[in-house]
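Chemist: Before I ask anything, here is the structure I am working with.
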Amino acid sequence: MSDTRSTDVLVIGGGLAGERCAMEAAAAGLSVIILSLVPPRRSHSCAAQGGMQAALGNCVKAAGDSPDLHFLDTVRGSDWGADQEVVRIFADNAPIAVRELAHFGVPWSRVTPGRNEYFIKGDKVAIDEPEEKAGLIMHRDFGGTAKWRACFAAAGTGHAALYAVDSEVVRLGITVLDRMEAIRLVHTGERCHGVVTRCLRTGRLGVIEANATVIATGGHGRIYGNNTTNATINEGMGSGLALATGVVPLGNMEAVQFHPTGLWPSGILVTEGCRGDGGFLLNGDLERFMVELEPAKQELASRDVVSRHMMQQILDGKGVDHPAGPHLWLDLRHLGEEHLTTKLREVYEICRDFIGIKPWEELIPVRPSQHYSMGGVRVNKDGEAYGMAGLYAAGEAACWDMHGFNRLGGNSLAETLVAGRIVGRHVAAAAPDAPPAPGGLAVEALAAEQARVAGWLAREGGPSVFELRDAMGAIMINQVGIFRNGPDLAAGVEQLGALLEQVDGAALRCKAPGVNPELSFALRLKAMLRLAQVTAMGALARTESRGAHSRTDYPARDDERWLSRTLVRWGRDEDAPRFSYEPVGLLDLPPGDRGYGQSERRDMAVSLEDYNAGVTATQVSEGRRPTRTDFGSELNPGAWQDAEARAGLA
């Protein structure tokens, strides 16, 4: 078949997770192809601003930090929804990944010895950084952490990291096919053998056969329409590809994070680094409300907590009127022009270019905006998908699951590099032993997609795909937003179901078979609506509040009934999704109080030992595949127990 390519490893997605994974496979001597909707340096990883969490302990406010403390912060931040073995793997490897980026050329902001001035909880504080730390990677404060831990390159950390990693991809000679998308997995139901592709330049369909396929397509924030910080390419197609198999489950789709400071009304991200560097949140009366609501952490409680407090201020009538809806203020004026044009330069440029202000002179209008998807393709600790050999996922597209029901700021950018390294090595080890695809499998998959394209081009009448898209976004932000309740969620499920019924009757205005953005979007729309539907259905079923999932009708965290991970499967030809649940993983740190936010909870009804005893059997029954090291062998039980004392916090 003239449209068929073959490779050892195929990576779908050209962001940090995908490229870092590809580097490992290429360094092992395997042939690698990266598919990317855009040139890799325009991937959404480039938009990450504030920092990357790694326990280096280089500055005074980071003294005593350790991977053990990072583990504690991350599990607490997840509201005990995370897989604690994965969190341990991540925390132990994050310092390596950050130092490795320095080797690749990332210009990290560095410790300046001597007297430095910082804003901490509203006060200007002078701290003497020791001479022996001069030139080491500097940290800034981020939400939900006990120590300053976020390593940063001004406010362009993602940009710097992506350019450095992409340069390594070029150096290794990895093949990158940009303006190319995967529209179907080629699989037997037990093993993945590659993908059907579509060229965005020509519309031409083809097949890439691969011994191992990695989904690294980022999040699916665009199911919320324009109410997101995500780029327009973040439509969730990697998760959609996996879901369509009917075999691979998605995990925790109801876990959706809203970032407190989306620039209003555009929703463009304004980094948490602003608050880490001492910025304030103000309501319409210019009151600094977080001091009273969260006295311990103030503006640097976890994102789910801060976003809820902000929205409650707006609902209580304390917002600032705006034609697009009320907002609050972010106050950076006290940080001064020098700080804002150096350490937060990207924030200054966003304010200048999109709302025409100087943030050292004027307040910044902000409102919480959908930002991150904790849910994604459910994988084991090696990154291999449940239920399907040869299929892997890394980064935001994966439910690895180190974030549980809330991600701490800076942990995602670190995850892309850590997971990329780890998953890439497992892929490199497994790919050479993969069996060939059965004869005719790729031909059948390609023919099915050719028929689907032809169907869209032939159809007349019906609603516009963009009308359905806009309706989906409105439903998600109104019914499946920051605050959720049973009636709204049930209405959202019903309304999204009605949109799904209309998709197969929708028609295109442009019938061009080649370069056709409308056709490209039409091929993604049903998958997006299914992602939205399972998000709403999962939220309706989960009758508790945990992390970013906040039910006003079930305000308590319920560890007795809901210390579990949601799994959902929905095959291409199935009418409805199938939900099931598994334990979150082996528990080392017992469920307890997070130290911020609401503390109402129902405790576990079983002991930790009894809970842990049932994890393996249930997860294996749900499709968890064997791993290179024994399950639980990397947990390092109890290592966290004196971490706070060692850090001077106990």
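The values are calculated or read from the model by the stated rules, or taken from the named source; none is laboratory data. These figures come from a predicted structure and were not determined experimentally. Here the Cβ is made from the backbone with ideal geometry for all residues, glycine too, and neighbour counts use every protein chain on show. Please note that ligands, DNA and RNA were not included when accessible areas were found on the heavy atoms of the full protein model with its side chains. Shrake-Rupley method; radii C 1.70, N 1.55, O 1.52, S 1.80 Å.
Chemist: Place a point 7 Å from the Cα of D610 along the Cα-to-Cβ direction; which residues of the stretch 536-574 have their backbone N under 16 Å from it?
Modeler: Once the point is set 7 Å along Cα→Cβ of D610, 559-563 turn out to lie under 16 Å by backbone N, inside the stretch 536-574.
Chemist: Still on this model: Find which of V256, S6, G57 sits farthest along the positive direction of the dipole of the chain, computed with +1 on the beta-carbon of Lys and Arg, -1 on that of Asp and Glu, about the Cα centre.
Modeler: Selected residue: S6.
Chemist: Further, regarding this structure: Calculate, for V125 and E467, the FRET efficiency according to 1/(1 + (r/R0)^6) with r their C-beta to C-beta distance and R0 41 Å; round to the nearest 0.05.
Modeler: Rounded to the nearest 0.05, the efficiency is 0.15.
Chemist: Give the ranking of S6, S464 by solvent-accessible surface, highest area first, calculated with a 1.4 Å probe.
Modeler: Ranked list, largest accessible area first: S6, S464.
Chemist: Along the Cα-to-Cβ line of D630, 7 Å from the Cα, sits a label point; which residues in the stretch 69-87 have backbone N less than 15 Å from it?
Modeler: The answer is none.
Chemist: Please get the size of the charge dipole for the stretch 366-439, origin at its Cα centre, with Cβ charges of +1 on Lys and Arg and -1 on Asp and Glu, quoted in debye to the nearest 20.
Modeler: Computed charge dipole of the stretch 366-439: roughly 220 debye.
Chemist: Still on this model: How big is the antiparallel share of DSSP beta bridges in the chain, given as a percent to the nearest 5?
Modeler: 65
Chemist: With r as the distance between the Cβ atoms of N478 and V291 and R0 = 35 Å, compute the FRET efficiency 1/(1 + (r/R0)^6) and round to 0.05.
Modeler: FRET efficiency, V291 to N478: 0.70.
Chemist: Shifting gears a bit: Once you keep just the Cα pairs under 8 angstrom separated by 6 or more residues, what percentage relative contact order results for the stretch 1-101?
Modeler: Value for the stretch 1-101: 20 percent.
Chemist: I've got another one for you. Is the stretch 201-252 rounded, prolate or oblate when judged by the Cα gyration tensor, a ≥ b ≥ c being the square roots of its eigenvalues, rounded requiring a/c under 1.5 and prolate requiring a/b larger than b/c?
Modeler: Judged from the Cα gyration tensor, the stretch 201-252 comes out oblate (a/c at least 1.5, b/c at or above a/b).
Chemist: Taking the Cα-to-Cβ direction at R99 and at T342 and moving 7 Å from each Cα, how far apart do the two end points lie in nm?
Modeler: In this crude label model, R99 to T342 measures out at 2.8 nm.
Chemist: Something else: Under a Cβ-only charge scheme (Lys and Arg +1, Asp and Glu -1), can you give me the dipole magnitude of the chain about the Cα centre, in debye to the nearest 20?
Modeler: For the chain, the charge dipole is close to 1280 debye.
Chemist: Compute the relative contact order of the stretch 147-297 as a whole-number percentage, counting only Cα pairs closer than 8 Å that sit 6 or more residues apart in sequence.
Modeler: About 12 percent, as a whole number.
Chemist: So for the pair Q502, E444, with labels modelled 7 Å out along Cα→Cβ, what separation do we get in nm?
Modeler: The two pseudo-label positions are separated by 3.5 nm.
Chemist: Treating the angle as unsigned and between 0 and 90°, give the value, to the nearest 10°, between the Cα long axis of helix 486-503 and the longest Cα principal axis of the chain.
Modeler: Computed tilt is about 30 degrees.
Chemist: So in the stretch 498-650, what percent of DSSP beta bridges are antiparallel if you round to the nearest 5?
Modeler: 80
Chemist: Could you sort 157-170, 286-299, 369-382 so that the peptide with the highest average Cβ count within 10 Å comes first and the rest follow in order?
Modeler: Ranked from most to least packed, the peptides come out as 369-382, 157-170, 286-299.
Chemist: Can you tell me which of 488-496, 34-42, 122-130 comes out highest on packing, and rank the rest after it, using the mean Cβ neighbours within 10 Å?
Modeler: 34-42, 488-496, 122-130
Chemist: Mind checking the angle between helix 345-354 and the chain's longest principal axis? C-alpha axes, 0 to 90 degrees, to the nearest 10.
Modeler: 70
Chemist: Sticking with this one: Relative to the first principal axis of the alpha-carbon coordinates of the chain, what is the inclination of helix 517-541, with its axis defined by its Cα atoms, in degrees from 0 to 90 and to the nearest 10?
Modeler: Helix 517-541 and the main axis of the chain meet at about 60 degrees.
Chemist: Looking at I127, H103, N116, which one has the Cα that reaches farthest to the positive end of the dipole of the stretch 98-145 (charges on Cβ: Lys, Arg +1; Asp, Glu -1)?
Modeler: So the residue we want is H103.
Chemist: Turning to a different aspect of this structure: Taking semi-axes √(5λ) of the Cα gyration tensor in Å as the quantity of interest, determine which of [x] 36, 28, 26; [y] 45, 36, 24; [z] 50, 37, 24 was computed from the displayed structure.
Modeler: Checking each listed value against the structure points to [x].
Chemist: Roughly speaking, what % of Cα-Cα pairs in the stretch 1-137 are separated by over 17 Å, rounded to a whole number?
Modeler: That tail contains 73 percent of the Cα-Cα pairs.
Chemist: So for the chain, taking the charge dipole from beta-carbon charges (+1 Lys/Arg, -1 Asp/Glu), which of A512, C199, F483 sits furthest toward the positive end?
Modeler: Farthest towards the positive end: A512.
Chemist: Ranked highest first by the average count of other Cβ atoms within 10 Å around their residues, in what order do 182-189, 456-463 fall?
Modeler: Order by mean packing, descending: 182-189, 456-463.
Chemist: Further question on the same structure: Could you tell me what a quarter of the Cα convex hull surface of the stretch 611-650 works out to, in nm² with one decimal place?
Modeler: Over every viewing direction, the Cα hull of the stretch 611-650 projects on average to 4.2 nm².
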